[in-house]
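Right, one structure below, let's go through it.
Computed from the coordinates by the stated procedures, all read-outs in this text should not be read as laboratory data. Treat the numbers as computed from the prediction; the structure is a model and nothing was measured. For neighbour counting, all protein chains shown are included, and Cβ atoms are generated from backbone atoms with ideal geometry for every residue, glycine included.
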Amino acid sequence: MKRIVMLVHSHIRKNKISSGIFVILVLITMFLIHSAFMIDNSFKMIFDSVCQSTNSADFAEGVPETYYEKNRERINEFLSTDPDISHYEIEKSIILMRTKLSSPEGEELLGSWRFRNADRKEGLSTLRIVEKTDSDLESPIYVPLVCKTFFGYELNDELKLNYKGQILTYHIAAFTEDILFGSRASLVFDLPNQEFQKLNNQTGEQEKAVVILIKSDNPRLPFKTSKVLGDAPFAISESKNQAVYSRVLGLKIYSYIMLVFSIINIIITVITIRFKMKNIINNEVRNIGTLKAIGYRNSEINLSYTLQFVFLSMVGVFAGIGVSAVFSNTVMSQITAEAGLKWQNVAGMTNDIKLICLLVLFIGFISWHSIRKAKNISPVVALRDGVENFNFRKNYFPLNDTVFPLNLAMAGKMFMNNRKQNSMMIIIVAACILASAFSITLFTNTVLKREGLLQISGVEDFSAILLLHDRKELDKMAKKSNWFRGSVLP
């Protein structure tokens, strides 16, 4: 075993540049794979942690308070008797419709903004503060963490609302995490009890609402609640599945991009090993023959070249994991901004061990398979300057009888003599261009522009809930409205 180790050391020293390039290829591959799996593992761990710490409800329905009081007995009977509902709670909230919110950039966002009482006593979807100011602020408000990570708000910033010509000014005192009400698709603010009651007194009956928080394992429960609440002036539905989808969509896209690039790197690594082994067989015939002459067996020589790439791959693998651990916080903070959760990278040791073993064994197998032809080299042939290779394949570009210019014929001849390698290089370059073009297009249409993000996620510009006596009224209104574009669901 000692002399095999000496051979491995000799191979690496003799090929320092190519060994360094190979390590970098494996490092990049492992960095991409490790980061892609880290995103998935971290999201699952963080999401489950927030669910448990807040005792998150599985579903939520927001309806006007007047509607709920009028139909209290019917709604409570359904909630109490339905076998799919294990627990439910009802809390008061406020909805400011058609209200402008000032963004950090000075833009005004027109929408409907919901508020909950931060001092509520309910046990479902409880308040979870992840960042809090030390200052004693006037008119404090607690906002979802996504307002910081995605929209750019900071602690102590002013948050202004233009409600029916009246400017409501609050100061951000804390950032919160919530499964149902803390994503970019569903923003709900929390007000301390004093501020909540003050806002409640300033608003009319139309702004007062109740939120029905439900615990249920049945994913089709919203179909039941929609029948019970179908005659409500409006109903705002939330579910844990929607919360997962709104957060994980962008993360999945980034993960798939990383995996695509890692697959391209793996292909390049395999071709590098194949080329290197072929060069070894062609250029180091004398060395291999001499080693056999002094007593080295075929298995020992093959193993030495295989272990060379196995060792280099292990260096690249561990370096890739280290680089991923060091730079992941900076990279992930940008990628996971829209998740709305306090991101912490969770390294799955089991997955890391599986990835290391799988990648190293794969490289070892390719290396062993590529060096097998070295067993045909004998000491006698090696001392006669190598193996004679004759090519009996069809000559597609005979230089003595060609109609093409000589340079073109020689180029074609060289291409056909190494058509496998050249074909693989064409595929690699095409894949790199495809991945690069896809990444640039994705960045342009999701970061620089909003249209692409809306098309990918299928999110509407606006959604309206109308209560009409006749479907024909809605069709007539849609035809007259030049701003309407989309679909009408009953």
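Numerical summary
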quantity	calculated
Which listed pairs, of K16/K278; K92/K198; K14/K354; K70/K208; K14/K292; K148/K215, have C-alpha distances above 25 Å, in listed order	K14/K354; K148/K215
The range 164-317: Cα Rg divided by the 2.2 N^0.38 Å rule of thumb	2.18
In Hz, Karplus ³J(HN,Hα) per residue of the range 295-303 (6.51, -1.76, 1.60; θ = phi - 60°; x = Gly, Pro)	x, 6, 8, 4, 4, 5, 5, 4, 5
Gain in span if fully extended, S10 to K92, counting 0.36 nm per residue against the direct Cα distance	22.0 nm
Spatial extent of the range 59-216: Rg and Dmax, with the Cα atoms as the point set, Å	16.1, 49
Residues in the range 44-75 that a label on Q242 would reach, taking backbone N under 15 Å of a point 7 Å out along Cα→Cβ	57-64
Solvent-free Debye scattering, log10 I(q)/I(0), computed from the Cα coordinates of the range 35-138 at q = 0.17, 0.22, 0.24 Å⁻¹	-1.14, -1.26, -1.30
Mean Cβ neighbour count within 10 Å, used as a protection proxy, ranking 199-210, 235-246 highest first	235-246, 199-210
Net lengthening on full extension, D48/S18 (0.36 nm per residue, minus Cα-Cα)	6.3 nm
Full-stretch length increase - A411, N156 - with 0.36 nm per residue and alpha-carbon distance subtracted	85.0 nm
For the range 171-257, average projected area of the Cα convex hull in nm²	8.5
5 Å-binned pair-distance histogram of the range 246-324 (Cα, whole percent)	3, 11, 14, 19, 14, 11, 9, 7, 5, 3, 2, 2, 1, 0
Two-site label geometry, R372 and D134: point separation in nm, points 7 Å out along Cα→Cβ	6.8
Label-point separation in nm, T126 to R297, each point 7 Å along Cα→Cβ	6.7
Loop-located GluC sites (Glu not before Pro) in the range 77-160 whose Cβ has at most 10 other Cβ within 10 Å (DSSP)	E105, E107, E138
Estimated inter-spin distance, Q194 and K164, nm [label 7 Å along Cα→Cβ]	2.5
